[in-house]
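First comes the structure, then the notes that go with it.
The values are calculated or read from the model by the stated rules, or taken from the named source; none is laboratory data. These numbers were taken from a predicted model, which means no experiment stands behind them. Note that we place each Cβ from the backbone using ideal geometry, even for glycine, and neighbour counts take in every protein chain shown.
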Amino acid sequence: MSDPILLEISDGIALITLNRPDKLNALNYDLIDRLMAALSRIETDADARAVILTGAGERAFSAGADIHEFSLSVRQGPNAAVQNFVRRGQAMTARLEAFRKPVIAAINGLAFGGGCEITEAVHLAIASERAQFAKPEINLGMPPTFGGTQRLPRLAGRKRALELLLTGDPFSPQRALEIGLVNRVVPHEVLLPAARELASHIIMHSPLAVGGIITAVTRGLNMTIGEGLQVESEQFAALVPTSDLGEGINAWIERRQPSYSGR
Ligand code: COA
């Protein structure tokens, strides 16, 4: 059996591919565990300064949680269902959301259920014109379980999110753009180049500043503004003693390009 997660690191960018194309890259427990392991590897690898997440094959980014597998946990009762399925999926989306290196989803096809929840959780997303989104859990008689009831309303607004959650209807990449689920829609052939270009642009900056911005925004969104301002202040204070901040300021004063060390 081929590896359900492929990882390649080049030019400072880690490309993670969800790799179960014959199952529309459905997220089984093994795939989720291996995705978490890949993120742990990337976290400590200085050569990987940004992550692009995409799906293998012609049809799907991901058709969501593996229904065959999680139905077995459901049959075992609430404890097993929450422990094996919900906690695992929520841990995955929370890890993506809080990751200190930028994660860009390149949505190459269907992003249904958990595939849509990954899109909601990551920092940036680019969709192919061939992408299609849906919150189809209601068709199975259940609410979403990987954060889909929480992040989409924060991104799109309560009524827009509720319409998608309560109908389960598929929606277009253009609609995903309108509601703030993706940053842009591009022709299919340029999806990965566009994601690489965006990642390359971001990683020209100090990785410490990049991580500080991601943390302040992600944590701050779920706090009061007073608490969020405290997080912003802490993130800045942590940068003050670093050579990267000195380098950024000196380079501006000396009218030259900065050269960051990540320290
Ligand atoms: N879990 C497990 N397997 C899945 C899957 C999922 N979420 N989505 C697709 N697959 C598998 C199918 O079982 C099939 O495998 P098989 O040929 O071994 O049976 C293969 O992927 C292709 O899917 P298929 O349903 O035949 O493709 P389709 O073009 O007819 O339909 C979808 C595409 C996306 C509409 C349909 O696959 C679907 O409804 N998937 C579930 C989406 C969903 O509800 N996700 C949220 C789960 S909480």
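What's the number of the condition residue 52 fails, among (1) among the aliphatic types (A, V, I, L, M); (2) surrounded by 24 or more Cβ atoms within 10 Å (Cβ to Cβ); (3) assigned to a helix (DSSP H, G or I)?
(3)
One line per residue, one yes/no per condition, for (1) in a helix (DSSP H, G or I); (2) modelled with pLDDT of 95 or more; (3) among the small types (Gly, Ala, Ser); (4) under 20 Å from residue 28 (Cα atoms):
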| position | (1), (2), (3), (4) |
| --- | --- |
| 71 | yes, yes, yes, yes |
| 81 | yes, yes, yes, yes |
| 85 | yes, yes, no, yes |
| 88 | yes, yes, no, yes |
| 96 | yes, yes, no, yes |
| 111 | no, yes, yes, yes |
| 116 | yes, yes, no, yes |
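Among the numbered criteria (1) crowded, with 23+ Cβ neighbours inside 10 Å; (2) in contact with a helix residue (DSSP H, G or I) (Cβ under 6 Å, 6 or more places away or on another chain); (3) among the hydrophobic types (A, V, I, L, M, F, W, C); (4) closer than 22 Å to residue 144 by Cα, which single criterion is violated by residue 81?
(1)
For residue 56, are the conditions met, namely being under 25 Å from residue 101 (Cα atoms), within 16 Å of the ligand (Cβ to nearest atom) and of a type in the set (A, V, I, L, M, F, W, C)?
On the way: under 25 Å from residue 101 (Cα atoms): yes; within 16 Å of the ligand (Cβ to nearest atom): yes; of a type in the set (A, V, I, L, M, F, W, C): yes.
The answer is yes for residue 56.
Kindly indicate which of 232, 227 is surrounded by 13 or more Cβ atoms within 10 Å (Cβ to Cβ), of a type in the set (Asp, Glu) and touching a helix residue (DSSP H, G or I) at 6+ places or on another chain (Cβ under 8 Å). So that I can check it myself, show each step before the final result.
Numbers: 227 fails: surrounded by 13 or more Cβ atoms within 10 Å (Cβ to Cβ).
The unique qualifying residue is 232.
Which of the residues belonging to segment 192-210 are surrounded by 17 or more Cβ atoms within 10 Å (Cβ to Cβ) and more than 11 Å from residue 50 (Cβ to Cβ)? Working first, answer last.
Of all residues in segment 192-210, those surrounded by 17 or more Cβ atoms within 10 Å (Cβ to Cβ) come to 192, 194-196, 198-199, 202-203, 206-210.
Those that are surrounded by 17 or more Cβ atoms within 10 Å (Cβ to Cβ) and more than 11 Å from residue 50 (Cβ to Cβ): 192, 194, 206, 208, 209.
Enumerate the pairs (first residue in segment 8-31 and among the hydroxyl-bearing types (Ser, Thr, Tyr) and at pLDDT 95 or above; second residue anywhere and more than 12 Å from the ligand (Cβ to nearest atom) and in a helix (DSSP H, G or I)) with beta-carbon separation below 7 Å, excluding pairs fewer than 6 apart on the same chain, so at least 6 apart or on different chains.
Partner pairs satisfying both residue conditions: 29/84; 29/88.
Please find, among 110, 124, the residue that is within 16 Å of the ligand (Cβ to nearest atom) and of a type outside the set (Ser, Thr, Tyr).
On the way: 124 fails: within 16 Å of the ligand (Cβ to nearest atom).
None of the others qualify; the one that does is 110.
Evaluate the following for residue 76: is it of a type in the set (S, T, N, Q) and more than 16 Å from the ligand (Cβ to nearest atom)?
On the way: of a type in the set (S, T, N, Q): yes; more than 16 Å from the ligand (Cβ to nearest atom): yes.
Taking the combined requirement at face value, the residue satisfies it.
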